[in-house]
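The block underneath contains the structure these notes are about, expressed in structure tokens.
Please treat every number below as a calculation from the coordinates, not as lab data. This one's a predicted model, so the numbers in the text were calculated from it and none came from an experiment. Counting neighbours? That spans all protein chains shown, and the Cβs are built from the backbone with ideal geometry, glycine included.
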Number of protein chains: 2
Amino acid sequence: MKDFYHSRIKGMPSIVERKEPIIHGSTAEDGPLAQKELDFYEKNGYLFKQNFFSEEEVKALQKELQRNMHDNQTSDEPYVVRESEGDEIRSVFDVHHNDAFFEDLSSHERIVNIAQQLLGSQVYINQSRINFKPGFKGKGFYWHSDFETWHMEDGMPNMRAVSCSIILTDNYSYNGPLLLIPGSHNYFVQCVGETPEDHFKQSLKMQSLGVPDHDSINWLLEKGGRIDSATGPAGSVLFFESNTMHGSNGNISPLPRSNVFFVFNSIENKLVEPFANVPARPDFVANRTNIKPIEPKAFDLGKKSASVY
Amino acid sequence: MKDFYHSRIKGMPSIVERKEPIIHGSTAEDGPLAQKELDFYEKNGYLFKQNFFSEEEVKALQKELQRNMHDNQTSDEPYVVRESEGDEIRSVFDVHHNDAFFEDLSSHERIVNIAQQLLGSQVYINQSRINFKPGFKGKGFYWHSDFETWHMEDGMPNMRAVSCSIILTDNYSYNGPLLLIPGSHNYFVQCVGETPEDHFKQSLKMQSLGVPDHDSINWLLEKGGRIDSATGPAGSVLFFESNTMHGSNGNISPLPRSNVFFVFNSIENKLVEPFANVPARPDFVANRTNIKPIEPKAFDLGKKSASVY
């Protein structure tokens, strides 16, 4: 397979133009997004849908989030990641596998249909997590393109994936919302350095590789003209393209920030061997051949939450 | 002298009501602030004046800021504080003493007259600094009341001082603007811990003492109802009360944040012995008796900048 996107290089990094389309042949007729929403996503590399879930649905989702945190309180499963200082849970990974409610949520037609429209194909979940970002001491996350990591370390061949972040606490400008550089999805920024084995375990807690240089970020910001913040009430949903440059500042405010995070990948963009010289995660190796596309399901989130689990 | 505000205590901290007035007898007739501005300051503990300085004045100020940084590039004076990682200058302190331009600026009638009106008396500069907060890696600063430190470590007896921050780069929500809790100036939050000697040298780089507990911050936020951000274009000026709870998040954005910072103290609120068992800074000891009120001066910032220095 030809690798269009070299990274973790030695020497001076360069910026490469994106090879793939952003919207993969879909129009408003495919639904559910309107043409102006597709156009916004294509231009800016993200789409923020305010109040996508109703107040009642948000309550059900928040309840399940708390229930999941409670279930995992004393867990020593590798998918439960704690704060580096202290014992608090920071994230629970792979909830589309290890939590029945979130597995159902990951196939809900209201989000899957949008992912299908954006990627122009059937989709599957490449990874998922719940994030519990505490107030007062939430740490920032430096600028990065998810695709750079997914390509190099996980073997995602092309830019044909979309992240979906379901916001379960109000996001203000001051409690560490996601920051995005509009238009940055059009450029692949090479990063300097080589990937050590098992980097993925480390990178859940702190970044060191796959970090773009200052000049490239300045260049993207000059091109994009601004930094956008994903602020809005709980129940809003952010879709952002796999290669959109994003990050977040810390959070000294008392207000925590929680979300559910699904990465939808096109069924036509299944993983291959990592492009860096690292071993792939075993579950990702299995996904290369075994993975099936999601069948979107319709169900009432509130009822599901109350009656089944 | 009776100490109304105990802090650095052992055991559970409590919250004490403010003893002093906020506006010390002034009205709009004293000028230059209008009554609604005085009312806003009294209620919220701060006043943000957008575009207080003209574009031309901002250019002159920015030029002097760069000139000062350049002058201090290789300085090993104790008032030049560098980033803990690397050699970049983070702040230059006491610029009202050690830099002729900023000494003049500190007596400019446009800011001194406001300080006099807010404090209801003649004023002097208790401390000053220039801050150069770099982009990409600007660190946050946790919630604190300046008065708590000034009282305990420097011997400021009462809440009758105002900080004036002249903003010299555009402050966006995402490049680490000052965050304030409105109404927090009405309450003194006791902090836990004891003060080591020479704490002031350390605290320029990182905080450890004088840190309020989470419950108190939550309480203040519930009382105040919101967090405000001091965002606005270069040339805006923020006045905030000595006891207003404030802090800032980090700054991963490429956009730096620079400002000039003057603390005006009422001439009727001269320093005494520190209220914690620590030695006072020698210059602060001298100020207890020697300090003279500022004579406000009128001059053209641009001309001053170009012709004199």
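Residues whose amide H falls under 5 Å from that of residue A:108, counting only those 5 or more places apart or on a different chain, are A:297, with hydrogens built in the peptide plane. Look at the stretch B:173-181: the mean tally of other chain Cβ atoms within 10 Å of its residues' Cβ atoms is 4. Here the label points at residue A:297 and residue B:87, each 7 Å from Cα along the C-beta direction, are separated by 6.2 nm in the simple model. Arranged from fewest to most other beta-carbon atoms within 10 Å of their beta carbon, A:214, A:24 become A:214, A:24. Can you pick out the pairs among B:223/B:270; A:2/A:36; B:10/B:139; A:36/A:304; A:137/B:133; A:139/B:10 whose Cα atoms lie more than 24 Å from each other? Table pairs above 24 Å Cα-Cα are B:223/B:270; A:2/A:36; B:10/B:139; A:36/A:304; A:139/B:10. Normalized C-alpha radius of gyration of region A:1-116, against 2.2 N^0.38 Å? Normalised by 2.2 N^0.38 Å, the Cα Rg of region A:1-116 equals 1.46. Which aspartates and glutamates have a Cα lying under 16 Å from the Cα of residue B:59, excluding residues fewer than 8 positions away in the same chain? Within reach: B:170, B:300. A simple charge model with +1 on the Cβ of Lys and Arg, -1 on the Cβ of Asp and Glu and nothing else charged puts the dipole of region A:54-307 at about 420 debye relative to its Cα centre. Mind putting together the pair-distance distribution for the protein assembly as shown? All Cα pairs, 10 Å bins, whole percent per bin, short to long. Over the protein assembly as shown, the share of Cα pairs per 10 Å bin runs 3, 15, 24, 23, 16, 12, 6, 1, 0 percent.
Counting every other Cβ atom within 10 Å of each residue's Cβ, A:16, B:92 order from fewest to most as A:16, B:92.
Per residue of peptide A:252-261, the mean number of Cβ atoms on other chains within 10 Å of the residue Cβ is 3. The GluC sites (Glu not before Pro) of region B:38-73 include none that meets both conditions, a loop assignment by DSSP and at most 14 other Cβ atoms within 10 Å of the site Cβ. Think of each Lys and Arg Cβ as +1 and each Asp and Glu Cβ as -1; about the Cα centre, that makes the dipole of region A:1-121 roughly 680 debye.
Between exposed trypsin sites (Lys or Arg not before Pro) in chain A, where DSSP calls loop and at most 14 other Cβ atoms lie within 10 Å, what's the longest gap?
Between exposed loop sites, the widest span is A:20-204.
Rounded, prolate or oblate: which one fits region B:74-114, using the alpha carbon gyration tensor with axes a ≥ b ≥ c (rounded when a/c is under 1.5, else prolate when a/b beats b/c, else oblate)? Prolate shape, in that a/c is at least 1.5 and a/b is the bigger ratio.
If the Kirkwood radius is taken over C-alpha pairs of region B:54-307, then at 20 °C and 1.002 mPa s the Stokes-Einstein diffusion coefficient equals 114 µm²/s.
The alpha-carbon atoms of region B:235-309, seen along their principal axes, cover 42, 37, 21 angstrom, with the largest extent given first. Scaled against the 2.2 N^0.38 Å expected of a compact globular protein of N residues, the Cα radius of gyration of region A:91-160 reads 1.31. Copy-to-copy label distances for residue A:2, where each label lies 7 Å from Cα along Cα-to-Cβ, are 8.4 nm in order of increasing length. Sorted ascending by nearby beta carbons within 10 Å, beginning with the fewest, B:150, B:219 become B:219, B:150. Counting only other chain Cβ atoms within 10 Å of each residue's Cβ, the peptide A:213-221 averages 2. Label point of residue B:288 (7 Å along Cα→beta-carbon): distances to the other copies' equivalent points are 7.6 nm, sorted ascending. In chain B, helices alone account for a calculated mean residue ellipticity at 222 nm of -7500 deg cm²/dmol, with every DSSP H run of four or more residues adding -39,500 (n - 2.57). Considering region B:38-83 at the alpha-carbon level, its Rg and Dmax are found to be 16.5, 45 Å.
Place a label point 7 angstrom from the Cα of residue B:56 along the Cα-to-Cβ direction, then list the residues of region B:219-240 whose backbone nitrogen is under 19 Å away. Of the residues in region B:219-240, B:234-236 have backbone N under 19 Å from the label point off residue B:56.
Per-residue 3J(HN,Hα) values for region B:19-25, derived from phi via the Karplus relation 6.51 cos²θ - 1.76 cosθ + 1.60 with θ = phi - 60°, read 8, 8, x, 9, 8, 9, x Hz in sequence order (x marks Gly and Pro). Rounded to the nearest 20, the Cβ-based charge dipole of the protein assembly as shown about its Cα centre (Lys and Arg +1, Asp and Glu -1) stands at 220 debye.
Distance between the pseudo-spin-label points of residue A:23 and residue B:66 (7 Å out from Cα toward the beta carbon): 4.3 nm.
Of the residues B:26, B:48, B:7, the one whose Cα sits farthest towards the positive end of the charge dipole of region B:4-61 is B:7 (charges of +1 on Lys and Arg Cβ, -1 on Asp and Glu Cβ, taken about the Cα centre).
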